[in-house]
1. Go through (1) in a loop (DSSP other than H, G, I, E, B); (2) modelled with pLDDT of 95 or more; (3) among the small types (Gly, Ala, Ser) and name the single condition Ala28 misses.
2. Given the conditions (1) within 23 Å of Ser164 (Cα to Cα); (2) open to solvent by 80 Å² or more (accessible area, probe 1.4 Å), report the number of the one that Thr80 does not fulfil.
3. Could you run through the stretch 141-150 and say how many residues are assigned to a loop (DSSP other than H, G, I, E, B), touching a Ser or Thr at 6+ places or on another chain (Cβ under 8 Å) and more than 16 Å from Leu116 (Cα to Cα)?
4. Count, please, the residues in the stretch 164-191 that happen to be within 22 Å of Asp33 (Cβ to Cβ), open to solvent by 40 Å² or more (accessible area, probe 1.4 Å) and either touching a residue at least 40 places away in the same chain (Cβ under 8 Å) or of a type in the set (D, E, K, R) (or both).
5. When the stretch 52-73 is examined, which residues are found to be part of a loop (DSSP other than H, G, I, E, B) and touching a helix residue (DSSP H, G or I) at 6+ places or on another chain (Cβ under 6 Å)?
6. Among the listed residues Thr158, Thr86, which satisfies the condition of being hydroxyl-bearing (Ser, Thr, Tyr) and in contact with a Ser or Thr (Cβ under 6 Å, 6 or more places away or on another chain)?
7. Which of (1) more than 16 Å from Tyr9 (Cβ to Cβ); (2) open to solvent by 60 Å² or more (accessible area, probe 1.4 Å); (3) part of a loop (DSSP other than H, G, I, E, B) is the odd one out, the single condition Glu98 does not satisfy?
8. Residues in the stretch 72-79: is at least one of a type in the set (S, T, N, Q), out of contact with any Phe, Trp or Tyr (no Cβ under 6 Å at 6 or more places or on another chain) and at pLDDT 95 or above?
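The values are calculated or read from the model by the stated rules, or taken from the named source; none is laboratory data. This one's a predicted model, so the numbers in the text were calculated from it and none came from an experiment. Don't worry about glycine lacking a Cβ; one is built from the backbone with ideal geometry, like all the others, and counts go over all protein chains shown. The protein model used for the area step is the full one, side chains on, heavy atoms only, and it has no ligands, DNA or RNA in it. Shrake-Rupley method; radii C 1.70, N 1.55, O 1.52, S 1.80 Å.
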Amino acid sequence: AVRIGIIIYDGFDELDAIGPLEVFRVAASFGADLQADLVTREPQAIVTASHGVGIVPDCCYSAGAFQALLVTGGRWLDRTGQGAWTQVQQGDWLPLLEAEADAGTTMLSVCTGAMLLAHAGVIGTRRAATHASARQDLAGTGAEVVDERVVDVGSLITCGGVTSGLDLALHLVEREFGEQLAQQVRRRLEY
């Protein structure tokens, strides 16, 4: 089974997580051997997303528990409150993400979630995408920033802003489970 952890934290963008979550869970309902969970670093009853929606996470992060980890973004330019910028500054996720990448976990990011991967040393000089508002910051970390909806460089898949999380999730479903299943999911979501 492919277990995908979708990392959420206070200030993450709702759609960064919920779009891919729905794609993955619909794929599972069509028979894909995958499980997708909303994951926090430490126990948290409710995670408050960037537009104020309260989300109940499925589980806590545990090293080695996932074959793929998806890092959400949100509020990168808002340097005052919760969000991706704050997560980078606090740094708690960074060594965990680096260790997962080193262990061979497939690393994914939606939107400015790429900034957490970049600051964890996961992206390096590889090709990557992020939200338009963070491209300059991502380039500043040494990444080769490209203006594409989905960028797959093997063990790392990044995508552009918010809505491209759907594209990333469908791409992963197609890569892991085939085009036919991905098409079934697209039809169900009327994508």
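1. (1)
2. (1)
3. 1
4. So the count comes out to 11.
5. Listed by number, the residues that qualify are Val53, Thr72, Gly73.
6. Thr158
7. (3)
8. Within the stretch 72-79, none of the residues are of a type in the set (S, T, N, Q), out of contact with any Phe, Trp or Tyr (no Cβ under 6 Å at 6 or more places or on another chain) and at pLDDT 95 or above.
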